[in-house]
Structures are given as structure tokens and as C-alpha cells.
1. Let me spell out the model: positive unit charges on the Cβ of Lys and Arg, negative unit charges on the Cβ of Asp and Glu, origin at the Cα centre of the chain. What dipole size does that give, in debye rounded to 20?
2. Return the subset of K161/K239; K98/K337; K239/K337; K98/K239 for which the Cα-Cα distance in this structure is over 32 Å, preserving the input order.
3. Using Cβ counts within 10 Å as a stand-in for footprinting exposure, how do D289, D150, D43 rank, fewest first?
4. Please state the relative contact order of the chain as a whole percent: Cα pairs under 8 Å, 6+ residues apart?
5. Restricting things to alpha carbons, tell me how big region 112-167 is in terms of Rg and Dmax, in Å.
6. Would you calculate the separation in nanometres between label points at R302 and S37, each defined as 7 Å from the Cα along the Cα-to-beta-carbon direction?
7. Tell me which DSSP H helices of the chain clear both cut-offs, 20 Å or more of axial length from alpha-carbon atoms and a mean Kyte-Doolittle hydropathy of at least -0.5.
8. If you consider only alpha-carbon coordinates, what radius of gyration and Dmax does region 134-350 have, in Å?
Amino acid sequence: MTRIRVGLVGASGWMGRTHALLLAAQHVVFGPEPSVSLEMVADATPELAADAARACGVARSTGDWRELVASPDVDVVDVVTPNHLHHTIALAAIAAGKHVYCEKPLAMNSRQSFAMAQAAGRRGVVTLVGYNYPVNPIHRVAREIIAAGDIGEVVNVRFSKNVDYMSDPQAPFVWRHDRSIAGSGTLGDTVSHLLSMLQYLIGDVAEVMGHVRIVHGERPLVPGAAIGRQAGPATALRKVETDDEVLVLLKLAGGATGTMDASRVATGRRMEFAYVVTGTRGSLAWSIDRLNTLEFYSAADRPGRQGFRRIEAAPEHAGYGAFYPVANIGMGYNDQKMIEIRTLIEAVAAGRTDAWPNFADAHRIQCTLDAIAASSLERRWVRVSEIAERCETTSSPVGTEGSAS
Ligand SMILES: NC(=O)c1ccc[n+]([C@@H]2O[C@H](COP(=O)([O-])OP(=O)(O)OC[C@H]3O[C@@H](n4cnc5c(N)ncnc54)[C@H](O)[C@@H]3O)[C@@H](O)[C@H]2O)c1
């Protein structure tokens, strides 16, 4: 039996708990082979790590991620820390010959993601990045429809993700507002998800015109605050350094145009996430409000009977049947993360380094994020290839530093 042992860095956070939960549930959904175990956890302090280990039923914990990376009992290093640590931990893990599973955004900027993708390629380790939304089986149906030409040639795309969890100007300052920890705000946190969906469905962006801005310039500093947790009274005000809102015009490699809009301060939009892909002979539309439903319009339908039809996720769609034996029962966020982890585990078991989205795929997303940031700063269209080429030729950071205006 193939046995894959995972070490989780950042175990007590939001994503840390999610990864731990879903690693533990892999066998229940997908069966015993390959065998997966959470072997060890690391966190910022020995106490946090020990608490997380107790909660997860894991024997070994450490307050120093380097100990986890060096452990011979760890095959895969799972990085779920804030963004500024992804690069350092992943490079150390790759140098130790470990496979790496890393949360998104892959890095602080494309210079870092370039180094990570290069190092993984040289060492031949498996990498996977936590772009979980596209792995919902309904998006595979959308991708197949597009690839088969059933909507004709894609002429336009519209992608939106707007949320309100920071719309209250009094919501406390957290690490996502600190540029030295987060790299960027809505850009890396949210637009990266939209770009992953676009990459999965159609492909990469060629050129962008972006507008990136901070809406609420200061926030109360509350020691110990996290998203959704106001730990106590504010002690001061702190300057917000990362973007709240991003607007993008896009040109795709194939000639299609499009838009993206994203915000974390969209009052009343609890979680809006949607796309529309328009082709010469049809159209697709999806929204997180109907997570398991794809809307498909075909101009080939006979006149008078044309209109959007609903395709609901069902066991005949790859990836769905492992969860439910009947259609449209409502897959959710954790189910998607389960599929993502399954992709990782199967890739590690098979030694396949090309499972989507690996570090190279995520680097192209990071280049697009940096192109949007550069476009906003320089007020011009920026080609993504310009950023990618700079990664290969310069040693200065190419990136989202300075992205917010
Ligand atoms: N894929 C998604 O949908 C999704 C959703 C949320 C977050 N994320 C990503 O997951 C990552 C973590 O986000 P989060 O919301 O879970 O953050 P969080 O603040 O809830 O958790 C971060 C964890 O990292 C730990 N940590 C901090 N410094 C550390 C260090 N030096 N060594 C070890 N551990 C350390 C913290 O103690 C905490 O346990 C981010 O990169 C974020 O962008 C992805």
C-alpha cells in the first residue's frame, strides 16, 4: 500500500483546520488507497502547534516549521501560513526533496513564484496550489463544453467575486491589510481565484488594464483580532496597506476580451462569485448561489425554443459520484477542497508533477496579478509576458508591492 505522510504548517488557522479535517476524511470518501496520514503539525509557537495537534489527533507538533520540513516522516509539506512565508517554507521543503501543497496566492510576487516553480521543476517534486473553486465537477462540464466548441469561439468573459467581510470600516486590522505579510489584498486573495477559474476553463490572460484601490485607509488595531473575531478593544488606528477593490479589463491569448471585478468591501454582497462566458454560438453562466448548476445557452437550439438550460451536477460528472449517488444534492466548499487534496494525493502516488494547478500554473496567475498591479500604478495596458520575462531576467522583485493606490 502507498502511504503518503503530510506535515501541515499553520495548522491552527482557518485553512489549517480545513486541510486537517479534509485530509482525515480522504479515506472515507475515496477509499483506503493510497493511504494518507497527517503526521505532524507546525505553528507559530509550540503551544499553538500542540493545541492543533491535540485537536487533530496528531502525535507530533512543533513551533518551528524547519523541524517539520526536516522530518524523514513527512513526504508532503502542506503550507497554510500567511502569504509571506509560502516562498521560504516551500523552497526549504523542495530543497529537502519534499512534495509541496501550498495555499494561494502562491507567493508575494511573481519573482518569488518564479523561483518556486523553477526549484520544483529542477527537483522534480509534485506541487499543488489551493485554487479550490475550479475543481467543482460542474466546472469540468463547462470546460468540456468550451473545448468541444459547443458555444463556438469565446468572444467575451465576465468574472466577479465580491464579498463584504471587510465592508465595515471598523472591522479590525488583520494580516491581510499588512503588505509585508499579505503582499496584496483583494488582488492576491480574490482576483487570484478568478484567474484560476479562467485558466482552468479557457486559458491564461495576455494583457490587462487594471485599477486597484484601497477604500478604507485606516482600521482599528485590536491585538489578537482575526477575520470574524474581534478579540478586544482597539488600541490604535493602523494604516491599511493592501487593496480593497480591483477592476480589470482583459485580453485573452485567443483574442477574447473580458472583465474582472472583485472587492472585500462590497456592502451586502455576502459572497458573490459568478462568471459568464460568451461565445459565437452559445454562452455559459455560473454563480456560487447555485454552486452545482451550470447554465448553458446554445444558438443551435431551434428558433422559438432558445434559452438558458440548467445542467445540474450529477454522478455521471467526473468527481461527483464519490460524494453523492444522486444529482444536485449540493456539493460545498469542503467537497471542493477534498477533490483538490485527492488530486494532490493521486499525483504524489503516481509521481506526476503536472497535476493542475501546480507551481508553474500558479506562477502564471501570479504574473497576471503583478501585471494588474503594474497597470494600475503606471496607468497603461500591461502584457503578462512582460512580467514573466522580467522574472527570468532581473533580480529585483517584480510584484504586487506598491499595488494599492
Ligand atoms: N483556498 C482558499 O479558499 C483560501 C481561503 C482562506 C485562506 N487561504 C489562504 O490560506 C493561507 C492561510 O490563511 P488563513 O485564513 O488560514 O490564515 P490564518 O491567519 O487563519 O492562519 C494562519 C496560520 O499560520 C500560522 N502561522 C503564522 N506564522 C507562522 C510560522 N512562522 N510558522 C508556522 N505557522 C505560522 C498561524 O498561527 C495560523 O495558524 C493564506 O495564504 C490564505 O491566502 C485560502
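Just so you know, all these numbers are worked out from the coordinates, no wet-lab data involved. Here the structure is a predicted model, which means the values were calculated and not measured. Backbone-built Cβ (ideal geometry, glycine too); neighbour counts: all protein chains shown.
1. 320
2. With Cα atoms farther than 32 Å apart: K239/K337; K98/K239.
3. Final ranking by Cβ density, sparse to dense: D289, D150, D43.
4. RCO, the chain: 20 percent.
5. Over region 112-167's Cα set, Rg and Dmax evaluate to 17.0, 43 Å.
6. Calculated label separation equals 6.3 nm.
7. The answer, listed by residue number, is 14-30, 333-350, 359-378.
8. When restricted to the Cα atoms of region 134-350, Rg and Dmax are 19.7, 66 Å.
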